[in-house]
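The values are calculated or read from the model by the stated rules, or taken from the named source; none is laboratory data. Computed from a predicted structure; not experimentally measured. With ideal geometry, Cβ positions are generated from the backbone for all residues, glycine too; neighbour counts draw on all protein chains shown. To get the accessible areas, we keep the full protein, side chains included, count just its heavy atoms, and leave off ligands, DNA and RNA. Shrake-Rupley method; radii C 1.70, N 1.55, O 1.52, S 1.80 Å.
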Amino acid sequence: MSLEEIIFTLLMRILIIDFFGTVDFKQILEEQDFKEEDFGLFQLAGQRCIDEGHIDQLLEIIQNEKNKVIVKNMGWNLVGPVVRSLLRNEKEDDKRKCHFLLLDLLVKLCNPKELLLGLLELIEEPSGKQISQIILLLLQPLQTVIQKLRNNKAYSVGLALSTLWSQLSLLPVPYSKEQIQADDYGLCQCCKALIEFTKPFVEYVIDNKENSMENEKLKDEILKFCLKSLKCPLLTAQFLEQSEEAGDDPLKCFASEIIGFLSAIGYPFPKMIFNHGRKKKIWDYLEFEEEEDKQLSDSMASLAYLVFVQGISIDQLPMVLSPSYLLQFNMGHIEVLLQRTEESVFSKGLDLLENGLLRIEDNSLLHQYLEIKSFLTVPQKTQNKWFTGPQLISLLDLVLVLPEGAETDLLQNSDRIMASLNLLRYLVIKDNEKDNQTGLWTELEKIENNFLKPLHTGLNMSKAHYEAEIKNSQEVQKSKDHCSLNVGREEIPNMPPEMQLKVLHSALFTFDLIESVLARVEELIETKTKSTSEENMG
(Lines give C-alpha, C1' and ligand atoms only; values in the text may rest on other atoms or scores of the structure.)
Protein backbone atom coordinates (compact mmCIF):
# COMPACT_ATOMS: atom_id res chain seq x y z
CA MET A 1 0.00 0.00 0.00
CA SER A 2 1.43 3.38 -0.97
CA LEU A 3 1.58 6.35 1.37
CA GLU A 4 -1.18 8.10 -0.59
CA GLU A 5 -3.44 5.05 -0.15
CA ILE A 6 -2.64 4.87 3.55
CA ILE A 7 -3.57 8.52 4.15
CA PHE A 8 -6.69 8.20 1.98
CA THR A 9 -7.79 5.12 3.93
CA LEU A 10 -7.16 6.88 7.21
CA LEU A 11 -9.18 9.90 6.16
CA MET A 12 -12.04 7.75 4.90
CA ARG A 13 -12.16 5.80 8.14
CA ILE A 14 -12.39 9.04 10.05
CA LEU A 15 -15.16 10.39 7.88
CA ILE A 16 -17.32 7.28 8.20
CA ILE A 17 -16.46 6.85 11.93
CA ASP A 18 -15.37 3.31 11.19
CA PHE A 19 -12.13 2.82 13.03
CA PHE A 20 -11.15 -0.77 13.55
CA GLY A 21 -7.79 -2.42 13.83
CA THR A 22 -4.69 -0.50 12.97
CA VAL A 23 -3.57 1.01 9.72
CA ASP A 24 -0.51 -0.76 8.35
CA PHE A 25 1.97 1.85 7.17
CA LYS A 26 4.65 -0.03 5.24
CA GLN A 27 8.07 0.17 6.76
CA ILE A 28 9.62 -0.09 3.31
CA LEU A 29 9.02 3.61 2.85
CA GLU A 30 12.16 5.62 3.56
CA GLU A 31 12.51 9.34 4.30
CA GLN A 32 13.58 10.15 0.75
CA ASP A 33 10.35 8.58 -0.55
CA PHE A 34 8.16 11.20 1.17
CA LYS A 35 6.86 14.12 -0.83
CA GLU A 36 6.12 17.59 0.55
CA GLU A 37 2.39 17.12 0.20
CA ASP A 38 2.60 13.87 2.17
CA PHE A 39 3.45 15.77 5.35
CA GLY A 40 0.39 18.00 4.96
CA LEU A 41 -1.89 15.04 4.30
CA PHE A 42 -0.52 13.14 7.30
CA GLN A 43 -1.04 16.17 9.54
CA LEU A 44 -4.57 16.62 8.23
CA ALA A 45 -5.42 12.98 8.86
CA GLY A 46 -3.96 13.04 12.36
CA GLN A 47 -5.65 16.34 13.23
CA ARG A 48 -9.00 14.95 12.16
CA CYS A 49 -8.44 11.99 14.45
CA ILE A 50 -7.74 14.37 17.33
CA ASP A 51 -10.66 16.68 16.55
CA GLU A 52 -13.10 13.78 16.22
CA GLY A 53 -11.96 12.28 19.51
CA HIS A 54 -10.26 9.19 18.08
CA ILE A 55 -7.10 9.52 20.18
CA ASP A 56 -7.05 5.81 21.08
CA GLN A 57 -6.95 4.77 17.43
CA LEU A 58 -4.27 7.32 16.67
CA LEU A 59 -2.22 5.98 19.59
CA GLU A 60 -2.46 2.47 18.13
CA ILE A 61 -1.19 3.68 14.76
CA ILE A 62 1.74 5.56 16.31
CA GLN A 63 2.69 2.66 18.60
CA ASN A 64 2.62 0.10 15.77
CA GLU A 65 6.21 -0.95 15.12
CA LYS A 66 5.50 -1.20 11.40
CA ASN A 67 4.83 2.54 11.24
CA LYS A 68 7.96 3.77 13.01
CA VAL A 69 9.62 5.23 9.89
CA ILE A 70 6.68 7.38 8.89
CA VAL A 71 6.01 8.38 12.53
CA LYS A 72 9.67 9.30 13.02
CA ASN A 73 9.68 11.60 10.00
CA MET A 74 6.12 12.94 10.02
CA GLY A 75 4.89 12.59 13.59
CA TRP A 76 6.21 16.00 14.68
CA ASN A 77 3.42 17.55 12.58
CA LEU A 78 0.91 16.25 15.12
CA VAL A 79 2.45 18.05 18.11
CA GLY A 80 0.68 21.32 17.25
CA PRO A 81 -2.81 19.76 17.01
CA VAL A 82 -2.22 17.79 20.25
CA VAL A 83 -1.13 20.91 22.18
CA ARG A 84 -4.03 23.02 20.89
CA SER A 85 -6.47 20.27 21.83
CA LEU A 86 -4.94 20.11 25.32
CA LEU A 87 -5.55 23.82 25.76
CA ARG A 88 -9.16 23.42 24.62
CA ASN A 89 -9.82 20.54 27.02
CA GLU A 90 -8.30 21.95 30.20
CA LYS A 91 -10.97 20.47 32.50
CA GLU A 92 -11.49 17.04 30.88
CA ASP A 93 -8.98 14.87 32.73
CA ASP A 94 -9.65 11.65 30.81
CA LYS A 95 -9.03 13.28 27.46
CA ARG A 96 -5.95 15.07 28.76
CA LYS A 97 -4.37 11.80 29.89
CA CYS A 98 -4.63 10.42 26.36
CA HIS A 99 -3.30 13.67 24.91
CA PHE A 100 -0.29 13.64 27.25
CA LEU A 101 0.40 10.02 26.38
CA LEU A 102 0.28 10.89 22.69
CA LEU A 103 2.58 13.88 23.22
CA ASP A 104 5.06 11.72 25.15
CA LEU A 105 5.06 9.13 22.35
CA LEU A 106 5.72 11.74 19.70
CA VAL A 107 8.62 13.15 21.74
CA LYS A 108 10.02 9.64 22.12
CA LEU A 109 9.60 8.46 18.51
CA CYS A 110 9.94 11.51 16.27
CA ASN A 111 13.01 13.14 14.77
CA PRO A 112 14.36 15.38 17.59
CA LYS A 113 15.66 18.03 15.20
CA GLU A 114 12.24 18.50 13.60
CA LEU A 115 10.54 18.29 16.99
CA LEU A 116 12.76 21.03 18.41
CA LEU A 117 11.78 23.47 15.70
CA GLY A 118 8.12 22.48 15.96
CA LEU A 119 8.03 22.98 19.74
CA LEU A 120 9.75 26.37 19.52
CA GLU A 121 7.26 27.50 16.87
CA LEU A 122 4.41 26.55 19.20
CA ILE A 123 6.02 28.48 22.08
CA GLU A 124 6.30 31.58 19.89
CA GLU A 125 2.64 31.51 18.78
CA PRO A 126 0.57 32.58 21.81
CA SER A 127 0.06 35.93 23.48
CA GLY A 128 -1.30 37.13 26.82
CA LYS A 129 -2.08 34.49 29.44
CA GLN A 130 -1.64 31.66 26.93
CA ILE A 131 2.12 32.32 26.86
CA SER A 132 2.62 30.76 30.29
CA GLN A 133 0.18 27.92 29.54
CA ILE A 134 2.14 26.85 26.47
CA ILE A 135 5.53 27.23 28.17
CA LEU A 136 4.50 25.17 31.21
CA LEU A 137 3.06 22.53 28.89
CA LEU A 138 6.08 22.20 26.61
CA LEU A 139 9.13 22.76 28.82
CA GLN A 140 9.47 19.09 29.78
CA PRO A 141 9.08 17.79 26.17
CA LEU A 142 11.48 20.48 24.97
CA GLN A 143 14.08 19.44 27.55
CA THR A 144 13.75 15.78 26.54
CA VAL A 145 14.10 16.58 22.84
CA ILE A 146 17.27 18.65 23.36
CA GLN A 147 18.83 15.90 25.48
CA LYS A 148 18.24 13.44 22.64
CA LEU A 149 20.18 15.58 20.17
CA ARG A 150 23.67 14.30 19.43
CA ASN A 151 25.09 17.37 17.69
CA ASN A 152 24.90 21.14 18.18
CA LYS A 153 23.42 20.78 21.67
CA ALA A 154 24.78 24.18 22.73
CA TYR A 155 23.13 25.87 19.77
CA SER A 156 19.83 24.12 20.52
CA VAL A 157 19.94 25.07 24.20
CA GLY A 158 20.71 28.68 23.29
CA LEU A 159 17.89 28.77 20.74
CA ALA A 160 15.42 27.33 23.24
CA LEU A 161 16.44 29.64 26.10
CA SER A 162 16.34 32.68 23.84
CA THR A 163 12.86 31.80 22.58
CA LEU A 164 11.56 31.13 26.07
CA TRP A 165 13.05 34.35 27.45
CA SER A 166 11.61 36.39 24.57
CA GLN A 167 8.12 35.12 25.38
CA LEU A 168 8.50 35.55 29.14
CA SER A 169 9.66 39.15 28.63
CA LEU A 170 6.19 39.89 27.20
CA LEU A 171 4.47 38.99 30.48
CA PRO A 172 3.79 41.71 33.07
CA VAL A 173 5.96 41.42 36.17
CA PRO A 174 3.83 41.18 39.36
CA TYR A 175 4.39 44.18 41.62
CA SER A 176 2.71 43.55 44.97
CA LYS A 177 2.56 40.57 47.32
CA GLU A 178 -1.02 39.95 46.22
CA GLN A 179 -0.06 39.98 42.53
CA ILE A 180 2.87 37.62 43.18
CA GLN A 181 0.60 35.18 45.00
CA ALA A 182 -2.17 35.42 42.37
CA ASP A 183 0.32 35.12 39.48
CA ASP A 184 -2.44 35.82 36.96
CA TYR A 185 -0.13 35.67 33.93
CA GLY A 186 1.87 32.71 35.21
CA LEU A 187 5.27 34.45 35.18
CA CYS A 188 6.26 33.13 38.61
CA GLN A 189 5.32 29.57 37.67
CA CYS A 190 7.27 29.87 34.43
CA CYS A 191 10.35 31.16 36.23
CA LYS A 192 10.29 28.16 38.55
CA ALA A 193 9.79 25.74 35.66
CA LEU A 194 12.51 27.44 33.62
CA ILE A 195 15.03 26.78 36.40
CA GLU A 196 14.19 23.06 36.29
CA PHE A 197 14.50 23.15 32.50
CA THR A 198 17.98 24.69 32.66
CA LYS A 199 19.46 22.62 35.52
CA PRO A 200 20.46 19.54 33.45
CA PHE A 201 22.42 21.70 31.03
CA VAL A 202 24.19 23.49 33.89
CA GLU A 203 25.04 20.09 35.39
CA TYR A 204 26.35 18.97 31.99
CA VAL A 205 28.75 21.92 31.96
CA ILE A 206 29.89 21.13 35.52
CA ASP A 207 30.40 17.41 34.82
CA ASN A 208 32.36 17.98 31.60
CA LYS A 209 35.39 19.79 32.94
CA GLU A 210 37.40 19.51 29.75
CA ASN A 211 37.43 22.78 27.82
CA SER A 212 35.89 21.38 24.66
CA MET A 213 34.53 23.87 22.18
CA GLU A 214 31.00 22.49 22.56
CA ASN A 215 31.13 22.75 26.35
CA GLU A 216 32.38 26.33 26.18
CA LYS A 217 29.60 27.22 23.78
CA LEU A 218 27.01 25.70 26.10
CA LYS A 219 28.47 27.64 29.01
CA ASP A 220 28.16 30.86 27.02
CA GLU A 221 24.54 30.15 26.10
CA ILE A 222 23.68 29.66 29.78
CA LEU A 223 25.62 32.81 30.64
CA LYS A 224 23.64 34.84 28.09
CA PHE A 225 20.37 33.49 29.47
CA CYS A 226 21.35 34.38 33.05
CA LEU A 227 22.34 37.91 32.04
CA LYS A 228 19.05 38.38 30.20
CA SER A 229 17.13 37.09 33.21
CA LEU A 230 18.90 39.55 35.50
CA LYS A 231 17.53 42.30 33.28
CA CYS A 232 14.07 40.83 32.71
CA PRO A 233 12.20 40.03 34.84
CA LEU A 234 14.54 40.58 37.81
CA LEU A 235 15.44 44.23 37.19
CA THR A 236 11.82 45.39 37.55
CA ALA A 237 10.68 42.65 39.95
CA GLN A 238 9.60 43.60 43.44
CA PHE A 239 10.52 41.22 46.26
CA LEU A 240 8.69 40.37 49.44
CA GLU A 241 9.95 41.80 52.71
CA GLN A 242 13.05 40.05 54.02
CA SER A 243 11.26 39.30 57.28
CA GLU A 244 8.98 36.95 55.37
CA GLU A 245 10.19 33.51 54.35
CA ALA A 246 12.33 33.68 51.22
CA GLY A 247 10.77 30.43 50.02
CA ASP A 248 7.44 32.20 49.64
CA ASP A 249 8.88 34.61 47.06
CA PRO A 250 9.14 32.86 43.67
CA LEU A 251 10.97 35.75 42.02
CA LYS A 252 13.60 35.88 44.76
CA CYS A 253 14.03 32.11 44.45
CA PHE A 254 14.47 32.58 40.70
CA ALA A 255 17.10 35.26 41.33
CA SER A 256 18.94 32.99 43.76
CA GLU A 257 18.99 30.13 41.25
CA ILE A 258 20.21 32.39 38.44
CA ILE A 259 23.11 33.65 40.59
CA GLY A 260 23.79 30.03 41.51
CA PHE A 261 23.95 29.08 37.82
CA LEU A 262 26.47 31.84 37.19
CA SER A 263 28.69 30.56 39.97
CA ALA A 264 28.34 26.95 38.83
CA ILE A 265 29.52 27.67 35.27
CA GLY A 266 32.51 29.69 36.44
CA TYR A 267 31.14 33.22 36.82
CA PRO A 268 30.63 33.88 40.56
CA PHE A 269 29.16 37.30 41.21
CA PRO A 270 32.39 38.93 42.50
CA LYS A 271 34.05 38.08 39.18
CA MET A 272 31.06 39.45 37.30
CA ILE A 273 30.38 42.77 38.98
CA PHE A 274 33.89 43.67 40.09
CA ASN A 275 35.21 43.29 36.54
CA HIS A 276 32.34 45.06 34.83
CA GLY A 277 33.37 48.36 33.30
CA ARG A 278 37.08 47.65 33.33
CA LYS A 279 39.12 47.90 30.17
CA LYS A 280 40.04 44.23 30.33
CA LYS A 281 36.94 42.24 29.42
CA ILE A 282 36.10 39.03 31.25
CA TRP A 283 34.11 37.62 28.35
CA ASP A 284 35.73 35.12 26.02
CA TYR A 285 33.66 35.96 22.97
CA LEU A 286 33.45 39.14 20.95
CA GLU A 287 29.65 39.06 21.12
CA PHE A 288 29.75 39.84 24.83
CA GLU A 289 32.25 42.65 24.36
CA GLU A 290 29.96 44.35 21.88
CA GLU A 291 26.92 43.94 24.13
CA GLU A 292 28.60 44.98 27.38
CA ASP A 293 27.96 48.73 27.29
CA LYS A 294 24.46 48.34 25.81
CA GLN A 295 22.98 45.44 27.74
CA LEU A 296 25.20 44.38 30.61
CA SER A 297 24.99 47.60 32.60
CA ASP A 298 21.38 46.88 33.54
CA SER A 299 22.15 43.22 34.27
CA MET A 300 25.15 44.05 36.44
CA ALA A 301 23.21 46.73 38.34
CA SER A 302 20.43 44.22 38.94
CA LEU A 303 23.00 41.69 40.17
CA ALA A 304 24.54 44.24 42.55
CA TYR A 305 21.10 45.03 44.01
CA LEU A 306 20.28 41.33 44.48
CA VAL A 307 23.56 40.68 46.28
CA PHE A 308 23.94 43.77 48.47
CA VAL A 309 20.32 44.67 49.21
CA GLN A 310 18.58 41.30 49.03
CA GLY A 311 21.61 39.48 50.43
CA ILE A 312 21.62 36.68 47.84
CA SER A 313 24.99 34.84 47.89
CA ILE A 314 26.57 37.73 49.78
CA ASP A 315 28.64 35.16 51.69
CA GLN A 316 30.77 34.87 48.53
CA LEU A 317 31.91 38.46 49.03
CA PRO A 318 35.56 38.76 50.14
CA MET A 319 35.63 39.92 53.76
CA VAL A 320 38.68 42.13 53.21
CA LEU A 321 36.74 44.70 51.16
CA SER A 322 36.18 47.98 52.99
CA PRO A 323 32.77 49.72 53.10
CA SER A 324 34.18 52.73 51.23
CA TYR A 325 35.49 50.50 48.45
CA LEU A 326 32.10 48.77 48.15
CA LEU A 327 30.36 52.14 47.94
CA GLN A 328 32.80 53.32 45.28
CA PHE A 329 32.29 50.09 43.37
CA ASN A 330 28.48 50.28 43.58
CA MET A 331 28.14 53.94 42.60
CA GLY A 332 28.27 53.04 38.93
CA HIS A 333 25.47 50.51 39.38
CA ILE A 334 23.48 53.01 41.44
CA GLU A 335 23.80 55.54 38.65
CA VAL A 336 22.49 53.02 36.12
CA LEU A 337 19.43 52.28 38.27
CA LEU A 338 18.68 55.95 38.98
CA GLN A 339 18.75 56.73 35.27
CA ARG A 340 15.72 54.51 34.70
CA THR A 341 12.25 56.03 34.79
CA GLU A 342 10.38 52.99 36.18
CA GLU A 343 9.60 53.53 39.85
CA SER A 344 10.47 49.92 40.75
CA VAL A 345 13.95 50.24 39.20
CA PHE A 346 14.58 53.77 40.51
CA SER A 347 13.73 52.67 44.04
CA LYS A 348 16.30 49.88 43.76
CA GLY A 349 18.93 52.51 43.01
CA LEU A 350 17.98 54.36 46.20
CA ASP A 351 18.01 51.13 48.20
CA LEU A 352 21.46 50.24 46.90
CA LEU A 353 22.73 53.74 47.69
CA GLU A 354 21.29 53.59 51.21
CA ASN A 355 22.84 50.15 51.71
CA GLY A 356 26.28 51.48 50.79
CA LEU A 357 26.02 54.62 52.91
CA LEU A 358 24.84 52.80 56.01
CA ARG A 359 28.00 50.69 55.98
CA ILE A 360 30.20 53.79 56.24
CA GLU A 361 31.09 55.72 59.39
CA ASP A 362 30.50 59.47 59.42
CA ASN A 363 33.33 61.62 58.03
CA SER A 364 35.20 58.58 56.73
CA LEU A 365 35.00 59.21 52.95
CA LEU A 366 38.15 60.63 51.42
CA HIS A 367 37.97 63.88 49.46
CA GLN A 368 39.57 62.10 46.49
CA TYR A 369 36.25 60.35 45.91
CA LEU A 370 34.87 63.64 44.60
CA GLU A 371 37.11 63.15 41.59
CA ILE A 372 35.09 60.07 40.65
CA LYS A 373 32.35 61.02 38.22
CA SER A 374 29.61 58.87 39.72
CA PHE A 375 30.06 60.48 43.16
CA LEU A 376 29.10 63.79 41.58
CA THR A 377 26.36 62.61 39.21
CA VAL A 378 24.44 60.27 41.54
CA PRO A 379 23.43 62.98 44.08
CA GLN A 380 22.08 65.08 41.21
CA LYS A 381 19.46 62.34 40.74
CA THR A 382 17.28 63.91 44.48
CA GLN A 383 16.43 66.33 41.20
CA ASN A 384 14.42 63.46 39.58
CA LYS A 385 10.86 64.43 38.63
CA TRP A 386 9.49 62.00 41.21
CA PHE A 387 10.78 64.26 43.97
CA THR A 388 9.24 67.53 42.79
CA GLY A 389 5.78 68.85 42.03
CA PRO A 390 2.76 66.60 41.39
CA GLN A 391 4.79 63.38 41.41
CA LEU A 392 6.14 64.06 44.88
CA ILE A 393 2.72 65.15 46.17
CA SER A 394 1.23 61.85 45.00
CA LEU A 395 3.86 60.07 47.12
CA LEU A 396 3.35 62.39 50.11
CA ASP A 397 -0.38 61.64 50.03
CA LEU A 398 0.53 58.04 50.87
CA VAL A 399 2.89 59.04 53.68
CA LEU A 400 1.50 62.15 55.39
CA VAL A 401 -1.74 60.62 56.55
CA LEU A 402 -3.05 58.66 59.54
CA PRO A 403 -4.70 55.39 58.40
CA GLU A 404 -7.65 55.78 60.77
CA GLY A 405 -7.47 59.49 61.44
CA ALA A 406 -7.35 60.55 65.07
CA GLU A 407 -8.38 56.98 66.06
CA THR A 408 -5.14 55.55 64.68
CA ASP A 409 -3.14 53.45 67.13
CA LEU A 410 -0.21 55.86 67.51
CA LEU A 411 1.94 53.46 69.52
CA GLN A 412 1.69 50.70 66.95
CA ASN A 413 2.36 53.18 64.11
CA SER A 414 4.96 55.25 65.95
CA ASP A 415 7.90 54.37 63.67
CA ARG A 416 5.93 55.28 60.57
CA ILE A 417 4.66 58.52 62.10
CA MET A 418 8.14 59.60 63.21
CA ALA A 419 9.53 58.88 59.75
CA SER A 420 6.72 60.90 58.15
CA LEU A 421 7.28 63.85 60.51
CA ASN A 422 11.02 63.83 59.85
CA LEU A 423 10.39 63.80 56.11
CA LEU A 424 7.99 66.73 56.42
CA ARG A 425 10.48 68.59 58.64
CA TYR A 426 13.23 68.10 56.05
CA LEU A 427 11.02 69.33 53.19
CA VAL A 428 9.96 72.43 55.13
CA ILE A 429 13.61 73.25 55.92
CA LYS A 430 14.90 72.70 52.39
CA ASP A 431 12.07 74.19 50.33
CA ASN A 432 10.96 77.80 50.71
CA GLU A 433 7.34 78.78 50.21
CA LYS A 434 8.42 81.25 47.56
CA ASP A 435 10.30 78.61 45.51
CA ASN A 436 7.89 75.74 46.22
CA GLN A 437 10.00 73.27 44.22
CA THR A 438 8.43 70.28 45.92
CA GLY A 439 4.85 71.56 45.66
CA LEU A 440 4.57 71.13 49.43
CA TRP A 441 3.35 74.65 50.17
CA THR A 442 0.36 74.51 47.85
CA GLU A 443 -0.73 71.29 49.60
CA LEU A 444 -0.09 72.57 53.12
CA GLU A 445 -3.75 72.93 54.08
CA LYS A 446 -4.49 69.36 53.03
CA ILE A 447 -1.46 68.09 54.98
CA GLU A 448 -2.63 69.96 58.09
CA ASN A 449 -6.17 68.58 57.83
CA ASN A 450 -5.22 65.00 56.97
CA PHE A 451 -2.13 64.59 59.11
CA LEU A 452 -1.10 67.30 61.57
CA LYS A 453 -4.48 68.12 63.16
CA PRO A 454 -5.59 64.46 63.50
CA LEU A 455 -2.17 63.70 64.96
CA HIS A 456 -2.65 66.41 67.61
CA THR A 457 -6.04 64.96 68.52
CA GLY A 458 -4.72 61.42 68.53
CA LEU A 459 -1.81 62.36 70.80
CA ASN A 460 -4.16 64.02 73.31
CA MET A 461 -6.44 60.99 73.36
CA SER A 462 -3.56 58.50 73.60
CA LYS A 463 -1.78 60.38 76.39
CA ALA A 464 -5.02 60.68 78.36
CA HIS A 465 -5.63 56.94 77.98
CA TYR A 466 -2.14 55.93 79.09
CA GLU A 467 -2.09 58.40 81.96
CA ALA A 468 -5.34 56.81 83.16
CA GLU A 469 -3.74 53.36 82.82
CA ILE A 470 -0.75 54.54 84.88
CA LYS A 471 -3.06 55.77 87.62
CA ASN A 472 -4.92 52.47 87.57
CA SER A 473 -1.66 50.51 87.65
CA GLN A 474 -0.43 52.50 90.63
CA GLU A 475 -3.62 51.68 92.54
CA VAL A 476 -3.22 48.00 91.65
CA GLN A 477 0.38 48.12 92.84
CA LYS A 478 -0.81 49.22 96.26
CA SER A 479 -3.07 46.17 96.45
CA LYS A 480 -0.20 43.95 95.18
CA ASP A 481 -2.44 42.23 92.62
CA HIS A 482 -1.74 41.28 89.02
CA CYS A 483 -4.05 42.54 86.29
CA SER A 484 -4.29 42.78 82.50
CA LEU A 485 -3.08 45.76 80.52
CA ASN A 486 -4.11 47.14 77.11
CA VAL A 487 -1.14 48.27 75.02
CA GLY A 488 -1.60 49.07 71.36
CA ARG A 489 -5.15 47.64 71.45
CA GLU A 490 -3.77 44.30 72.58
CA GLU A 491 -4.41 42.92 76.04
CA ILE A 492 -1.32 41.76 77.95
CA PRO A 493 -2.60 39.64 80.86
CA ASN A 494 -1.11 39.00 84.31
CA MET A 495 1.69 41.53 84.17
CA PRO A 496 3.28 42.58 87.47
CA PRO A 497 2.37 46.21 88.36
CA GLU A 498 5.98 47.43 88.30
CA MET A 499 6.40 46.02 84.78
CA GLN A 500 3.11 47.63 83.75
CA LEU A 501 4.38 51.02 84.85
CA LYS A 502 7.55 50.62 82.79
CA VAL A 503 5.53 49.76 79.67
CA LEU A 504 3.10 52.63 80.20
CA HIS A 505 5.81 55.20 80.83
CA SER A 506 7.65 53.97 77.73
CA ALA A 507 4.49 54.57 75.71
CA LEU A 508 4.14 58.09 77.12
CA PHE A 509 7.77 58.77 76.28
CA THR A 510 7.06 57.75 72.66
CA PHE A 511 4.09 60.14 72.53
CA ASP A 512 6.21 62.95 73.98
CA LEU A 513 8.84 62.33 71.33
CA ILE A 514 6.25 62.45 68.54
CA GLU A 515 4.76 65.59 70.05
CA SER A 516 8.18 67.23 70.21
CA VAL A 517 8.90 66.62 66.51
CA LEU A 518 5.36 67.69 65.61
CA ALA A 519 5.84 70.97 67.48
CA ARG A 520 9.13 71.57 65.68
CA VAL A 521 7.49 70.97 62.29
CA GLU A 522 4.69 73.41 63.06
CA GLU A 523 7.20 75.97 64.32
CA LEU A 524 9.17 75.72 61.06
CA ILE A 525 6.01 76.04 58.97
CA GLU A 526 4.96 79.13 60.91
CA THR A 527 8.43 80.70 60.57
CA LYS A 528 8.57 80.05 56.83
CA THR A 529 5.05 81.35 56.10
CA LYS A 530 5.60 84.42 58.28
CA SER A 531 8.87 85.18 56.48
CA THR A 532 7.15 84.94 53.10
CA SER A 533 4.32 87.22 54.23
CA GLU A 534 6.79 89.84 55.43
CA GLU A 535 8.67 89.73 52.12
CA ASN A 536 5.42 90.20 50.21
CA MET A 537 4.41 93.14 52.40
CA GLY A 538 7.87 94.69 52.06
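Assorted remarks:
- Sites Gln412 and Ser364 - FRET efficiency at Förster radius 30 Å, r taken between beta-carbons, to 0.05: 0.25
- Within the assembled protein chains, the solvent-accessible surface assigned to Asp512 is about 70 Å², based on a 1.4 Å probe.
- Extending 7 Å from Cα along the Cβ direction at Glu522 and again at Lys129 yields two label points whose distance is 5.2 nm.
- Between Glu515 and Tyr426, the modelled labels are 2.7 nm apart [label points 7 Å from Cα along Cα→Cβ].
- Net length available on complete extension from Glu535 to Asp93 is 151.2 nm, with 0.36 nm assigned per residue and the Cα-Cα distance removed.
- Charge context of Tyr305, other residues only, Cβ under 14 angstrom, K/R +1, D/E -1: -1
- Enclosed volume per residue, in Å³, of the convex hull spanned by Cα atoms of segment 74-218: 120 Å³
- If the chain linking Lys113 and Asn449 were pulled fully straight, counting 0.36 nm for each residue of separation and taking away their Cα-Cα distance, it would gain 114.0 nm.
- Projected area, mean over directions - segment 51-127, Cα convex hull, nm²: 5.1 nm²
- Relative contact order of segment 152-243, defined on C-alpha pairs under 8 angstrom at six or more residues apart (%): 49 percent
- Among the listed pairs Lys113/Lys231; Lys199/Lys252; Lys192/Lys231; Lys177/Lys228; Lys231/Lys252; Lys108/Lys219, those whose Cα-Cα separation exceeds 19 Å are Lys113/Lys231; Lys177/Lys228; Lys108/Lys219.
- If R0 is taken as 35 Å, the Cβ-Cβ distance between Ile314 and Ala182 corresponds to a FRET efficiency of 0.70.
- When each of the peptides 63-71, 157-165 is scored by the mean number of other C-beta atoms lying within 10 Å of its residues, the order from highest to lowest reads 157-165, 63-71.
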